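Colleague: The structure's right below; bear with me while I get my questions together.
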Amino acid sequence: MSQKLQAVRGAHDLLDSTVKRYRYIVETARRIAAYYGFEEIKTPVFEPTGVFSRTLGDASDIVTKEMYTFTDKGGDLLSLRPEGTAGAMRAFIEHGLQRQLPVKWFYEGPMFRYERPQKGRYRQFYQIGAELLGPEGGDADVELISLAQNLLNALGVAERTYLEINSIGDKESRDLYRIHLVDYYKQHESHLSEDSRKRLSLNPLRILDSKDKNDIEVNESAPRLLDDLNESSRTQFERIQKSLKDLGIAYSINQKLVRGLDYYSHLVFEFRTHALGAQDAVLSGGRYDGLCEMMGGSPTPAVGWAAGIERLSLLMLEDPLSTRPVALIPVGDKAERECARLAHELRGRGFVIDLSYSGNMSNRMKKAVAHRALGAVIIGEQELAKHVVTLKILDTGAQSEVKRQNLEAELAKLFNQ
Ligand code: HAM
């Protein structure tokens, strides 16, 4: 027996209302990003593996466990992108955009991570993201958070999220903190989980956001990163907090928020939720001042975030409203041809037309109601002979005869009510 062909585990088909929701989320994000002066970019879904392995961190989960990496027929080592920031920075350097700073980019598209699939976590998932290259840390970070907050408001999900921020400081502060942290963990090594013991030499900061019960206990008295921030890192973080307050954006500081990728410095933040179980991160980001240099470009401060479209969609309680159609219902062969012509004409003028092909009148009416049609235009032998249509307003049941030449104006009236 041949094997059943199925979608790859953790990848999913998007059908019906899911597609509508995704499109709505992307369109809303694109519109709001434009209010902030962000231009859209599209980078390839695959890149040379080095774009990710050199930037996200040798010890990060993404690079060590989650990348879809393959050698193509030409022998090049490539990876499907697990996130959008490294590719955007690669494009920034490749196109010599240094002279055009600030660069403000919005993007959307699929990302790929070999993670254990569960609700809100997939192997192919979709992100929207925003990256702002050029400005130093401070007001630009708050502008990015303001964009995120306005987006969550517009999608109607803001009240199911809360914002957490932290500063992981500049390299000097982090190096000092790492020494203090490793010292502390060494004293408690036997209590740490096996994973965390491995992380101790590679990436000790990641132990802070471990979900393991023993690690959580050890972390309770761990040294605090904020205590090791040098003067300039501390000033930057304080300025951000003051601006957030000025804008009325609520936040709390989570000292254990360190994020999983190596390119971050200074501000890191996450809009989280209690509504999605373990997958609590909805929109995450931070500052990545060192990334450009890491990839061979000139030092360029930058800040950005990305949000998982699936998680945003799960948080939306209602389907977005789509434009309501007008149903065209022909009765008889001749009317069918006339309706096809009329549908072509009305669609050309921007009306959404639901052309009903078959079934008896009552079924076709039921379908029109199910599709939330605003009105039904019925054309039979009699209507054809008199150059009229029967227009039924589905919300009220009112029915009238409308002259063909007045139909468009009547429909426009109906939509404007
Ligand atoms: P990230 O935290 O790895 O950051 O991912 C951002 C968001 O993508 C998460 O908050 C989550 O909503 C979603 N996400 C991540 N993994 C999955 C998954 N397996 N299934 C479904 N959704 C997922 C980044 O990707 C950074 N590039 C963000 C950034 C932009 N930092 C600076 N600029």
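The values are calculated or read from the model by the stated rules, or taken from the named source; none is laboratory data. Please read all numbers here as calculations on a predicted model, not as lab measurements. Positions of Cβ are backbone-derived with ideal geometry, glycine not excepted, and every protein chain shown enters the neighbour counts. In case anyone asks, the SASA skips ligands and DNA or RNA and just uses the protein heavy atoms, side chains included. Shrake-Rupley method; radii C 1.70, N 1.55, O 1.52, S 1.80 Å.
Colleague: Of all the residues that make up the range 237-252, how many are farther than 25 Å from Tyr177 by Cα, in a helix (DSSP H, G or I) and without any contact (Cβ under 8 Å) to a residue 40 or more places away in the chain?
Modeller: Adding up the residues that qualify gives 2.
Colleague: Then there is this: Could you go through the range 166-188 and let me know if any residue there is surrounded by fewer than 19 Cβ atoms within 10 Å (Cβ to Cβ), of a type in the set (Lys, Arg) and not in a helix (DSSP H, G or I).
Modeller: no
Colleague: Give Leu225, Leu200, Leu276 a once-over and let me know the one that is surrounded by 18 or more Cβ atoms within 10 Å (Cβ to Cβ) and outside the structural domain of Val63 (by TED's automatic domain parsing).
Modeller: Leu225
Colleague: Just checking, which of Glu310, Glu381, Glu318, Glu336 is of a type in the set (D, E, K, R) and within 16 Å of the ligand (Cβ to nearest atom)?
Modeller: Answer to the selection: Glu310.
Colleague: Go through the range 120-144 residue by residue and tally those that are more than 10 Å from the ligand (Cβ to nearest atom) and out of contact with any helix residue (DSSP H, G or I) (no Cβ under 7 Å at 6 or more places or on another chain).
Modeller: So the answer is 5.
Colleague: Identify, from the list Arg337, Arg364, the residue that is open to solvent by 90 Å² or more (accessible area, probe 1.4 Å) and of a type outside the set (A, V, I, L, M).
Modeller: Arg337
Colleague: If I filter the range 297-331 down to residues being open to solvent by 50 Å² or more (accessible area, probe 1.4 Å) and acidic (Asp, Glu), which single residue comes out as nearest to Ile378 (Cα to Cα)?
Modeller: Ranking the candidates gives Asp319 first.
Colleague: Among the residues of the range 99-115, how many are farther than 16 Å from Tyr288 by Cα and either crowded, with 18+ Cβ neighbours inside 10 Å or in contact (Cβ under 8 Å) with a residue 40 or more places away in the chain (or both)?
Modeller: 10
Colleague: Kindly indicate whether Gly96 is open to solvent by less than 10 Å² (accessible area, probe 1.4 Å) and not polar (S, T, N, Q).
Modeller: Judged against the criteria, Gly96 is not a match.
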